[in-house]
Amino acid sequence: MELALSAEDAAFREEVRAFLKDRLPPEIAAKAGSGFRLSKDDHVRWQQILFEKGWMAPGWPVELGGTGWTAMQKHIFDEECALAGAPMVIPFGVTMVAPVIMAFGSQEQKDRYLPRILRSDDWWCQGYSEPGSGSDLASLRTKAVRDGDHYVVTGQKTWTTLAQHADMMFTLVRTDDSGKQQEGITFLLIDMKSPGITVQPITTIDGSAEINNVFLDDVRVPVANRVGEEGKGWTYAKYLLGHERTSIAAVGRSKAQLRKLKAIARAEASGNGTLIDDPDFALRLAQIEIDLLALESLVLRALYAETAGKPPGPEASFLKIKGTEVQQGLTELLVEAVGPYAAPFQPEAFRQDNWNEEPVGPDYAPALAPLYFNWRKASIYGGSNEIQKNIIAKTVLGL
Ligand SMILES: Cc1cc2nc3c(=O)[nH]c(=O)nc-3n(C[C@H](O)[C@H](O)[C@H](O)COP(=O)(O)OP(=O)(O)OC[C@H]3O[C@@H](n4cnc5c(N)ncnc54)[C@H](O)[C@@H]3O)c2cc1C
């Protein structure tokens, strides 16, 4: 959508574009923009560039290192970063655990962790889900038993994204199983170098290693690493999930994918013309663009509400569902657009040291099938889309 920008916002867009042109490393943009996997170093390097500019945490209060941007400026920034091929900022620290620490953490936790998150000194992961406790998260069984100034934690977390890189994990543990499930849950910050932690990779259907099992075996966690009160972790967890679902909508990234899809559809032959001239393909492309425009309006509404001090409510569930449907729809059309070139399995094209090896077919093709498979995850993580529909039915429709 070409929103009519005010003169200030138009100038801001130019400022962001100039910064990206000047500071986004071209080799990182080339990798990210064409769908190839980024290393931890790539992510940290980009995040540190953002930090130096003061743009690492647009959503934070200014006194803690935020930018003070308006909702529209945040939106413009996200969009321009995605269109330039900038890596997404890994959300676990800056947009997930940080708001919880700000709202419920001790002063010591704020002083220690927030500056480290801003500088990307610590890589965080999210230890919520367990085998058997995903949608029904409150049934989690990882146990924390108090022993003096420590909790002793034993159990298993699963699907833990990028835990192989993590220095810290924010996690939900059970400190009491005598009452209602939700009441016995506590929110702990765990140092991933603690003795007793084992990280075991899970290979996903696209061949990547981005999720893990995390086993905790008598891990000693200082009581000082508990956020808020014992047994109140469920309240803090829900607060965090609202933030997670708003950011999952990722309109900027979908706009970048749509632009790529249109370029491919203009390049790929179909009948006597190109794919974009095929009425069936053009219709589906138009439909997804309309959905994306509608989503953009919803995201802006949520951003304005958040800027006005209203934290995300059940509308975050709409954003999660629609955002991920658009993301998945785009990956389906991208695969369809390159036809048989999506079929060859070319894992060598994804090796970190070899990412620009000559592919079979056009250079935009090898990443598209893995991208399609990888994005099946989007309707599952952050609370599955079926669960979001349940939330909407209960809290919005009153069913
Ligand atoms: C790629 C990926 C990354 C992830 N990263 C993380 C992470 O970093 N940290 C973390 O803690 N978790 C993470 N998750 C876990 C994610 O949050 C869970 O997978 C999700 O909540 C679903 O839980 P489950 O896998 O146990 O499935 P289940 O809860 O067993 O659900 C199975 C199916 O049943 C449906 N279903 C379940 N209950 C209901 C119901 N009441 N009504 C209607 N349908 C229902 C679900 O929608 C789903 O389709 C990740 C998941 C994926 C796929």
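The values are calculated or read from the model by the stated rules, or taken from the named source; none is laboratory data. The model shown is predicted, which means the values in this text are computed figures rather than measured ones. Glycine also receives a Cβ, built like all others from the backbone with ideal geometry; neighbour counts cover every protein chain displayed. Protein only, heavy atoms only, side chains kept; ligands, DNA and RNA dropped before computing areas. Shrake-Rupley method; radii C 1.70, N 1.55, O 1.52, S 1.80 Å.
Between GLU8 and ALA30, what is the spin-label point distance in nm, taking each point 7 Å from the Cα along the Cα→C-beta axis?
Here the modelled spin labels are 4.0 nm apart.
Hey, if we sort LEU397, LEU24 by accessible area with the 1.4 Å probe, largest down, what's the order?
So the residues, ranked largest to smallest area, are LEU397, LEU24.
Keeping the other protein chains in place, figure out the carbon and sulfur percent of the accessible area of the chain, with a 1.4 Å probe.
55
Which order do PHE373, PHE187 take when ranked by solvent-accessible area (1.4 Å probe, heavy atoms of all protein chains), largest first?
So, going from the largest accessible area down, we get PHE373, PHE187.
Shape call for the range 224-294 from the C-alpha gyration tensor, a ≥ b ≥ c root eigenvalues: rounded (a/c under 1.5), prolate (a/b greater than b/c) or oblate?
Cα axes put the range 224-294 in the prolate bin.
Please report, in cubic angstrom per residue, the volume enclosed by the convex hull of the alpha-carbon atoms of the range 7-89.
So the per-residue Cα hull volume is 85 Å³.
What spacing in nm lies between the two simple spin-label points modelled at ASP41 and ASP147, each 7 Å away from Cα in the Cβ direction?
3.9
Could you tell me which of ALA84, PRO25, SER120 has its Cα farthest along the dipole of the chain towards the positive end, charges placed at Cβ (Lys, Arg +1; Asp, Glu -1), taken about the Cα centre?
Checked the options; the winner is SER120.
Using the eigenvalues of the Cα gyration tensor, what equivalent ellipsoid semi-axes result for the chain when each is taken as the square root of five times the eigenvalue, whole Å, largest first?
Taking √(5λ) for each Cα gyration eigenvalue gives 36, 24, 22 Å.
Using a 1.4 angstrom probe with every protein chain in place, what is the largest-first accessible-area order of ARG116, ARG13? Intermediate results must be reported in sequence, preceding the final value.
On the way: ARG116 65, ARG13 35 Å².
The residues order as ARG116, ARG13, largest area first.
Per DSSP H run of at least 4 residues, take -39500 (n - 2.57); add these up for the chain, divide by its residues and hand me the 222 nm value, nearest 500 deg cm²/dmol.
The helix-only estimate for the chain comes to -14500 deg cm²/dmol at 222 nm.
As a test question: what accessible area, to the nearest 10 Å², does HIS165 have when a 1.4 Å probe is rolled over all protein chains in place?
My reading of the accessible area for HIS165 is about 50 Å².
Quick one: accessible area per residue over the range 124-232, 1.4 Å probe, rounded to a whole number of Å²? Each step should come with its number before you reach the end.
Numbers: 4850 Å² over 109 residues.
Solvent-accessible surface per residue comes out at 44 Å².
If packing is taken as the average number of other Cβ atoms within 10 Å across a peptide's residues, how do 198-207, 28-37 rank, most packed first?
28-37, 198-207
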